[in-house]
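The values are calculated or read from the model by the stated rules, or taken from the named source; none is laboratory data. Note that the structure is predicted; figures quoted are calculated from it, not measured. We place every Cβ from the backbone using ideal geometry, glycine too, and count neighbours over all the protein chains shown. For the accessible areas, the whole protein counts, side chains as well, though only heavy atoms, and no ligand, DNA or RNA atoms are used. Shrake-Rupley method; radii C 1.70, N 1.55, O 1.52, S 1.80 Å.
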Amino acid sequence: YALLPLYALHQDPETLHVLQAALLGGAAVPLFFFAQRRIGSGPAALIALVYLLHPAIEESNLFEMQYTKLAPAFFWTTLWLLYSGRSRLGVVAAISTLLVREDVASWIFLLGLFLVFSDELSASRKIGVLLAALSGAYVIVVKFVIMPSFFEPGMDLVFMYRDMLPQGSGSFG
């Protein structure tokens, strides 16, 4: 829904592709700022450049729009904000990451666990517990409450793997 206002300006698949490319490439900026705090400007610039030139980043952007590709910009922003002492904005960026797609919640969950066990940041344990709990709750609510309420039988992706289901079962659950 956050993309709708921009898409409304020019309703064309290319609009989504440009937005994806801008966010995927723009993710190098918060990645640079995060790395700069940790290892200095020169190595951070190299890391950002390697990110931009990585074949998986380039190739994935050539063919189709996928929401998961929007997440790195928000995730790197989360890391940068948390490591620069802006915890509240970091949590907002983490929530923005979660809103991209339900499967990127694992990124925020693992970041939360890292913060719980890390001694690098002040208040890292509290923020880590919050992020891990928030992403875990988000997955549970989205995958097991919201998404099933919109599916009719046969609409979910289980039909692709129906031959792998146990005999007499209608789901992997």
Run the quick spin-label model on Val142 and Arg125: label points 7 Å from Cα toward the beta carbon, then report their separation in nm to one decimal.
2.9 nm
Stokes-Einstein D (µm²/s) once Rh is taken as the Kirkwood radius of the chain over alpha-carbon pairs, at 20 °C in 1.002 mPa s
118 µm²/s
Choose one answer from Asp163, Asp119, Asp103: the residue with the largest mean-square fluctuation in a GNM of the chain with alpha-carbon springs under 10 Å.
Asp163
Let me have the relative contact order for the chain, percent, based on Cα pairs under 8 Å that are six or more residues apart.
15 percent
The range 49-141: GluC sites (Glu not before Pro) falling in loop per DSSP and having at most 10 other Cβ within 10 Å
Glu120
What relative contact order, as a whole-number percentage, does the range 80-147 give when Cα pairs under 8 Å and 6 or more residues apart are counted?
29 percent
In the chain, what percent of the accessible surface is made up of carbon and sulfur (1.4 Å probe, ligands and nucleic acids excluded)?
68 percent
Counting only the heavy atoms of the protein chains, how much of Phe63 is accessible to a 1.4 Å probe, in Å² to the nearest 10?
150 Å²
Relative contact order for the range 1-101 using alpha-carbon pairs under 8 Å, separation at least 6, rounded to a whole percent?
29 percent
